[in-house]
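What follows is one structure encoded as structure tokens, with my remarks underneath.
The values are calculated or read from the model by the stated rules, or taken from the named source; none is laboratory data. All of these numbers come straight from a predicted model, not from anything done at the bench. We place every Cβ from the backbone using ideal geometry, glycine too, and count neighbours over all the protein chains shown.
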Amino acid sequence: MSLMHGFKKNLNRAGTTLKQKAGWADNTIDEEFNDEYERFQILEKEVEKLSKEAKNYLEAVRSMSAAQRRMAQTLGQFVNHELTPAMVQYQKLIERMDEDTRADFDKEFRTTVLEPLTRLCSYFPAVNEAIKRRHKKALDYDNQRSKVRKLIDKPSDDPQKLPMAEEVANLAREQYEGLNTILIEDLPKIVEMRVPYVDPSFEALVKSELKFSQTYYGEFESIQDIFQGERKGSVDDILQDMRQLAICGNF
């Protein structure tokens, strides 16, 4: 019985929608709700896109860190495992960076960015479900209003039909207006949630990136100094060998 009742209501709503498109039925429009709903749709689209890009960013950081580690290992093979002190230090630094990325930066990023965005996105399905219910209640109200108008324009032989139709229409109006009012009040609140969620998340992201970069900047700089010293010595040795070749003349 319940399934048949639900099927009949859905059928009536579909019929009402078709009549509204053809201009044959009442169509309740609330501009205030439409404005708030449009703002919500923009928020939903942008937050879901932001959440997706944040996940892509974390994957990119992981991939870059892993690629650095593989590159450092390949450098060792390139010089037949005869590593200079600078290359040894470089390999150790890259390995530690890769470990820190997966252990510390990964955790901070998930806690401060991904999880808040995921929580914000988790609210959207419930809001959309409420909006769908509001739309259905609006269709029910418009359908009942059309029935009342028809009975007014063409009275029935049964004098009870009009009062009963009006009672049903009033109930449908109350249900629609109650849900409509709640959404008009709550949608702006949901839109404003972007500030306490998104701003602190990406402030924390910037701080964690700054901390991560500053930690390793000095270490890379020291390795660069060692590399420069090793390279100068190597070049001087090569030039000395070349000076001993008659074909090269003097440098």
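For residue 36, indicate whether it is at pLDDT 90 or above, over 20 Å from residue 142 (Cα atoms) and either in the same structural domain as residue 140 (by TED's automatic domain parsing) or of a type in the set (D, E, K, R) (or both). Yes; evaluated as a whole, the condition is true for this residue.
For residues that are under 25 Å from residue 35 (Cα atoms) and of a type in the set (S, T, N, Q), tally how many sit in the stretch 142-196. Lay out the reasoning, then the answer.
So in the stretch 142-196, the residues under 25 Å from residue 35 (Cα atoms) come out as 142-143, 145, 172-196.
If we keep only those that are of a type in the set (S, T, N, Q) as well, we get 143, 175, 180-181.
So the answer is 4.
Look at the stretch 161-172: where a residue is in a helix (DSSP H, G or I) and a partner is not aliphatic (A, V, I, L, M), sitting 6+ places away or on another chain with Cβ atoms under 6 Å, you get 165/147; 168/144; 169/144; 169/145; 172/140; 172/141; 172/144.
Can you say whether residue 104 is surrounded by 14 or more Cβ atoms within 10 Å (Cβ to Cβ) and either among the charged types (D, E, K, R) or more than 25 Å from residue 64 (Cβ to Cβ) (or both), as far as the supplied structure shows?
Details: surrounded by 14 or more Cβ atoms within 10 Å (Cβ to Cβ): yes; either among the charged types (D, E, K, R) or more than 25 Å from residue 64 (Cβ to Cβ) (or both): yes.
So residue 104 fits the description; yes.
Quick one: is residue 62 free of Cβ contacts under 8 Å to residues at least 12 places away in the same chain, charged (D, E, K, R) and farther than 30 Å from residue 132 by Cβ? For residue 62, the condition - free of Cβ contacts under 8 Å to residues at least 12 places away in the same chain, charged (D, E, K, R) and farther than 30 Å from residue 132 by Cβ - is not met. Selection of the stretch 92-110 for residues being free of Cβ contacts under 8 Å to residues at least 24 places away in the same chain and either in contact with a Lys or Arg (Cβ under 7 Å, 6 or more places away or on another chain) or more than 13 Å from residue 209 (Cα to Cα) (or both) yields 92, 96, 99, 103.
Close Cβ contacts (under 6 Å, 6 or more residues apart or on different chains) running from residues in the stretch 191-204 that are within 15 Å of residue 54 (Cα to Cα) to residues that are assigned to a helix (DSSP H, G or I) comprise 197/116; 197/120; 201/112; 201/113; 201/116; 204/112. None of 209, 219, 174 is among the acidic types (Asp, Glu) and either within 18 Å of the chain's Cα centre (by Cα) or assigned by TED's automatic domain parsing to the domain that holds residue 140 (or both) except 174. The residues of the stretch 202-239 that are modelled with pLDDT under 65 and either small (Gly, Ala, Ser) or surrounded by 13 or more Cβ atoms within 10 Å (Cβ to Cβ) (or both), listed by number, are 229, 230, 233, 234. Just one of the numbered conditions (1) assigned to a helix (DSSP H, G or I); (2) surrounded by fewer than 17 Cβ atoms within 10 Å (Cβ to Cβ) is not true of residue 137: (2).
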